Every structure is written in C-alpha cells, then in structure tokens.
1. Within region 20-43, can you find the residues that are open to solvent by 40 Å² or more (accessible area, probe 1.4 Å), under 14 Å from the mean Cα position of the chain (by Cα) and touching a residue at least 24 places away in the same chain (Cβ under 8 Å)?
2. For E54, which of the numbered conditions (1) surrounded by fewer than 10 Cβ atoms within 10 Å (Cβ to Cβ); (2) part of a strand (DSSP E or B) fails to hold?
3. For residues that are among the hydrophobic types (A, V, I, L, M, F, W, C) and out of contact with any Pro (no Cβ under 9 Å at 6 or more places or on another chain), scanning just region 1-19, find the one that is surrounded by the fewest Cβ atoms within 10 Å (Cβ to Cβ).
4. Of the conditions (1) in a helix (DSSP H, G or I); (2) open to solvent by less than 50 Å² (accessible area, probe 1.4 Å), R49 clears all except one; give me its number.
5. I'd like the full set of residues that are touching a residue at least 12 places away in the same chain (Cβ under 8 Å) and assigned to a loop (DSSP other than H, G, I, E, B), limited to region 1-19.
Amino acid sequence: MSARRDRSGRWRYRVVVRRHDGTKVRVSGTPSLNTKEEAKHAERAHVERVLRGEPSRKEAMTFGA
C-alpha cells in the first residue's frame, strides 16, 4: 500500500496497477476522510475498479449535445 501524507497534511495514495492484458495504469487519489486507513481502503477500491474494467470517469457533455 502506498498511502502517504502530502505537505498540507492530506492523506493520498498512488500506485501503478498492471491489468490482465499487460497494460499499466497509474491509480491515484485522496480519500473522503483524511485518515491513513481510509486512504488504504480507497486505494484498494480504486485498484479493484481498474482491474474489473469499470470506467473511472463519466463522459462529459459537449456543446454539440
């Protein structure tokens, strides 16, 4: 687990995940609660979403739509 504190005191996580097809994806973020345990939990959840192939962001609306 790569949970760490930044200079402002906020807990963050960042890790590189290798998918089943061999591609690598960098996963990073901040937890909703500012604790080390919550950062570890958020990291595990984010890695699981990447390995399952779920999209991490919603598609944004464009002016044409």
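The values are calculated or read from the model by the stated rules, or taken from the named source; none is laboratory data. Please read all numbers here as calculations on a predicted model, not as lab measurements. FYI the Cβ positions are ideal-geometry reconstructions off the backbone, even for glycines, and counts take in every protein chain you see. We work out accessible area using only protein heavy atoms, side chains counted, and drop any ligands, DNA or RNA first. Shrake-Rupley method; radii C 1.70, N 1.55, O 1.52, S 1.80 Å.
1. E38, K40
2. (2)
3. Just the residues of region 1-19 that are among the hydrophobic types (A, V, I, L, M, F, W, C), to begin with: 1, 3, 11, 15-17.
Checking the rest, the ones that are also out of contact with any Pro (no Cβ under 9 Å at 6 or more places or on another chain) come to 1, 15-17.
Details: M1: 12, V15: 16, V16: 10, V17: 16.
Restricting to residues being among the hydrophobic types (A, V, I, L, M, F, W, C) and out of contact with any Pro (no Cβ under 9 Å at 6 or more places or on another chain), the top hit is V16.
4. (2)
5. Selection gives M1, S2, G9, R10, R19.
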